[in-house]
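Quick notes on the structure that follows.
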Amino acid sequence: MGLFQPVILPAIVAACAIMLSVRLAVRDFGVAQSVLSLAVVLMSGWSVVVLIRITVGGAWPTYLPHLAIIAACLVVGIQSWLIRR
């Protein structure tokens, strides 16, 4: 478990961002919601893949997956704000 510890929390946050984004896009179907949801899925998916490759293939110093997950969470917040408007 110690080896995968730095991957677990960011991967859970990324998966939650994907699920919430897709749920919001289905709830209020439109072009803007679809584009934002696609962006969240791509950013979060890329982040999880890179985090797994870092853990399995050897670590290299990067913080970009974490920044992409933060950006995806911000986009989910924008989606939520758009639905409330």
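Modelled spin-label separation between THR55 and LEU67, with each label point placed 7 Å from Cα along the Cα-to-Cβ direction: 2.2 nm.
I'd like the distance separating the alpha-carbon centroids of segment 9-23 and segment 43-76, in whole Å. Using only Cα atoms to place each centre, the spacing works out to 12 Å. Taking the helices alone, the chain has a mean residue ellipticity at 222 nm of -29500 deg cm²/dmol, built from -39,500 (n - 2.57) per DSSP H run of at least 4 residues and averaged over all its residues.
Read the figures in this text as sums done on the coordinates, not as results from a lab. Keep in mind that this is a model prediction, so the values were computed, not measured. Glycine gets a Cβ as well: all are built from the backbone with ideal geometry, and neighbour counts include every protein chain shown.
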